[in-house]
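S.K.: Attaching a single structure in structure tokens format; questions to follow.
The values are calculated or read from the model by the stated rules, or taken from the named source; none is laboratory data. Please read all numbers here as calculations on a predicted model, not as lab measurements. In this analysis, Cβ positions are derived from the backbone assuming ideal geometry, glycine residues included, and neighbour counts consider all displayed protein chains.
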Amino acid sequence: MKAAVVRRFGEPLVIEDRPVPEPGPGQITVRMQASGLCHTDIHAANGDWPVKPTPPFVPGHEGVGTVHAIGDGVTGVAPGELVAVPWLGYACGTCRYCQTGWETLCLKQQNTGYSVDGCYAEYFLAEAAFAAPVPAGVDPFDAAPLTCAGVTTYKAVKVGNVRPTDLVAISGIGGLGHLALQYAKISGGTVAAIDVTDEKLQLAKELGADLVIDARSQDPAKVLRAHGGADVAIGLAVDSRSFATAYAGLRRGGRLVLVALPAAGELSIPVFDTVLNGTSVIGSIVGTRADLADVFALHALGRTRVIYETRDLGSVNESIAEVLQGKARARLVLRP
């Protein structure tokens with residue numbers, strides 16, 4: 001099979017021939033149909049974060065495909081079924097986090113395309129219990145971005161406790177942001193979309209944003225405060241400065257939800273203002289299997305729209321460059 005491999009941090013991925021993986025007990029082999037390109041995959045390939053993957057490895061954690069083979073003890077899934085392979089590739093199921101609905105905080109978790117090989121390949125090995133069934137009628141190329149971009153922003157809206165009439169600022173309208181906007185609207189929020197490109201600001205309007213803020217010519221914090229301040233701000237732009245701006249645009253009692261992970265990202269918080277204003281700063285990382293089921297159910301009901309463009313796996317390095325240069329309208333999805 002063909003696979004895109006990170007051989008060394010910061011270098012172009014290499015397309016290699018590898019054997020098709022055989023499933024062990026509790027595992028399945030998936031024949032990939034679509035794999036979204038997430039900024040996390042770029043961070044992985046560059047070794048940006050303090051906890052680094054170990055080269056050589058295959059990135060990718062928004063994979064969707066059909067079950068090719070099953071290992072011993074696998075039940076509930078059969079060859080030919082369409083499944084999605086998310087960032088959370090494994091959790092222990094017995095720790096306090098797993099048992100209280102926070103399996104994404106499990107200290108024994110394995111992460112697809114990071115600590116285990118991922119989806120930038122023609123076939124992929126997965127733990128059967130963590131491969132989510134894709135509802136009938138959902139296109140694989142829609143399902144792939146929902147597997148991370150969708151479930152991550154759905155979770156961020158949940159932990160931000162978005163309520164009807166809340167003003168919700170979405171900082172960064174791209175692969176994640178265009179879905180965050182829709183989940184905030186589904187929750188009853190009034191959405192302020194913030195970005196720096198004409199195309200993404202136009203996309204925000206098309207998706208129903210109530211207020212569009214061009215951060216090139218406007219101060220988002222001032223605009224938000226002119227509207228009473230944001231009840232919730234969701235930080236999706238891979239830029240530490242955008243976090244500080246979102247914080248400054250909150251109303252008293254507001255909630256800043258941090259999602260994006262810029263390399264060496266930092267946020268300096270004034271303790272006095274945070275205490276007196278009752279401000280909450282919340283870290284939100286992806287979502288659970290239950291959250292992903294909700295995301296798929298909403299999409300199957302026609303409540304969300306996924307904006308994507310397809311690229312061939314062989315053009316993965318050019319696709320990464322598109323994302324880094326801000327040329328991708330929303331999500332790029334690789335075809336193996």
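S.K.: Do we find that CYS106 is more than 21 Å from VAL323 (Cα to Cα) and out of contact with any Pro (no Cβ under 7 Å at 6 or more places or on another chain) in this structure?
M.R.: Against the criterion (more than 21 Å from VAL323 (Cα to Cα) and out of contact with any Pro (no Cβ under 7 Å at 6 or more places or on another chain)), CYS106 qualifies.
S.K.: Ok, one more. Quick one: is ILE170 under 18 Å from the mean Cα position of the chain (by Cα), of a type in the set (A, V, I, L, M) and not in a helix (DSSP H, G or I)?
M.R.: So ILE170 passes the test.
S.K.: Mind checking which residues of segment 309-336 are in contact with a Pro (Cβ under 6 Å, 6 or more places away or on another chain) and crowded, with 22+ Cβ neighbours inside 10 Å?
M.R.: Within segment 309-336, ARG331 is the sole residue that qualifies.
S.K.: Out of all the residues in segment 190-223, which are assigned to a loop (DSSP other than H, G, I, E, B) and closer than 11 Å to ILE170 by Cα?
M.R.: Across segment 190-223, the qualifying residue is only ALA209.
S.K.: Restricting attention to segment 46-58, report how many residues are surrounded by fewer than 14 Cβ atoms within 10 Å (Cβ to Cβ) and part of a strand (DSSP E or B).
M.R.: 0
S.K.: Which residues, counting only those in segment 59-86, are surrounded by 24 or more Cβ atoms within 10 Å (Cβ to Cβ), in a loop (DSSP other than H, G, I, E, B) and in contact with a Gly (Cβ under 8 Å, 6 or more places away or on another chain)?
M.R.: PRO59, GLY60, HIS61, GLU62, listed by residue number.
S.K.: Name, by its number, the condition in (1) within 30 Å of VAL85 (Cα to Cα); (2) in contact with a Leu (Cβ under 9 Å, 6 or more places away or on another chain); (3) touching a residue at least 60 places away in the same chain (Cβ under 8 Å) that does not hold for LEU181.
M.R.: It is condition (3) that LEU181 fails.
S.K.: Which residue pairs have Cβ atoms closer than 6 Å, lie 6 or more positions apart in sequence or on different chains, and pair a first residue in segment 13-41 that is under 16 Å from GLY89 (Cβ atoms) with a second residue that is in a loop (DSSP other than H, G, I, E, B) and at pLDDT below 95?
M.R.: MET32/PRO336
S.K.: Another question, then. Any residue at all in segment 104-116 that's assigned to a helix (DSSP H, G or I), touching a Phe, Trp or Tyr at 6+ places or on another chain (Cβ under 9 Å) and within 30 Å of ALA230 (Cα to Cα)?
M.R.: So far as segment 104-116 goes, yes, one or more of its residues are assigned to a helix (DSSP H, G or I), touching a Phe, Trp or Tyr at 6+ places or on another chain (Cβ under 9 Å) and within 30 Å of ALA230 (Cα to Cα).
Residue-wise test of (1) in contact with a Leu (Cβ under 8 Å, 6 or more places away or on another chain); (2) within 30 Å of LEU13 (Cβ to Cβ); (3) free of Cβ contacts under 8 Å to residues at least 12 places away in the same chain; (4) among the β-branched types (Val, Ile, Thr).
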site: GLU266; (1), (2), (3), (4): no, yes, no, no
site: VAL281; (1), (2), (3), (4): yes, no, no, yes
site: LEU292; (1), (2), (3), (4): yes, yes, no, no
site: PHE296; (1), (2), (3), (4): yes, yes, no, no
site: GLY302; (1), (2), (3), (4): no, no, yes, no
site: TYR308; (1), (2), (3), (4): yes, yes, no, no
site: ASP312; (1), (2), (3), (4): yes, yes, no, no
site: ARG329; (1), (2), (3), (4): yes, yes, no, no
site: ARG335; (1), (2), (3), (4): yes, yes, no, no
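S.K.: Within segment 133-149, can one find any residue that is of a type in the set (Asp, Glu), out of contact with any Phe, Trp or Tyr (no Cβ under 7 Å at 6 or more places or on another chain) and either under 21 Å from ARG241 (Cα atoms) or assigned by TED's automatic domain parsing to the domain that holds GLU322 (or both)?
M.R.: yes
S.K.: Now, a different point. For the structure I just gave you, tell me whether ASP273 is assigned to a helix (DSSP H, G or I), touching a Lys or Arg at 6+ places or on another chain (Cβ under 8 Å) and either more than 17 Å from PRO140 (Cα to Cα) or not assigned by TED's automatic domain parsing to the domain that holds GLY60 (or both).
M.R.: no
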